[in-house]
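Each reported figure results from applying straightforward, stated rules to the coordinates on display, with no laboratory input. As the structure is a prediction and not an experimental result, all values here were calculated from the model. Here the Cβ positions follow ideal geometry from the backbone for every residue, glycine too, while neighbour counts run over all protein chains shown.
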């Protein structure tokens, strides 16, 4: 289910945007909170009793997708006779419990946010999650006040790998793409940043091959390493 974490790549860190006030854009699921592990557990509890294999290596191919798209993909690929509505309901039931017991911020998130805020950077979220999900998560962990803009899948026509979410963040904050940095854990998000002309630091979800992040100018093993890259 997991692989060795990547080491921090600083080969292109000299290309990091360094304006007086940067815009740092965060993905949410898997980058800020451990949503991917929690969601995977939910699906394992749904598909396991139905004798349907749901390996981690397959699950991570859906990272960055809007939930509705990923659910449709699972039903199509796995050949489960469950309807989409039934899977939505089963997922919601599992997530109600798991969100309360297992969801938590990723290591290094709060020190990173504090350091960027102290530096005076603009901070934003660009996520394929729905607004009710994201607002509940940010509020629960006391993160809402850090962000100058929060853009969710509800706000745009297309999710990642299209650049719409990131472009909407740029529009709302008034920042130039050349002054922005995107933090992403999934290849689709890295591609979205690339297409938006925004420098991206990948923090890969465990189990995703590093070659899938070829479009990322820098790769960090975790958010502590991101803080080192963005220090100063």
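Ranked by the mean number of other Cβ atoms within 10 Å per residue, highest first, peptides 73-81, 187-195 order as 187-195, 73-81.
To the nearest 0.05, how large is the calculated FRET efficiency for residue 119 and residue 57 if R₀ is 30 Å and r is the Cβ-Cβ distance? It would help to have the intermediate numbers written out before the result.
Working: r = 38 Å, r/R0 = 1.26.
Efficiency for this residue pair is about 0.20.
Taking max minus min of the alpha-carbon positions on each principal axis, the chain gives extents of 54, 33, 31 Å, largest first.
Taking the Kirkwood radius as Rh and the Cα radius of gyration as Rg, region 36-101 has a ratio of Rg/Rh equal to 0.91.
Working note: 222 nm ellipticity from helices only, DSSP H runs with n ≥ 4, each -39,500 (n - 2.57), summed and divided by the residues of the chain, gives -12500 deg cm²/dmol to the nearest 500. Of the beta bridges in the chain, as assigned by DSSP with both residues counted there, near 5 percent are antiparallel.
Below 8 Å, C-alpha to C-alpha, sequence gap of six or more: please give me the relative contact order for the chain in percent. Working shown, then result.
Numbers: 373 pairs, mean separation 72.5, N = 232.
31 percent.
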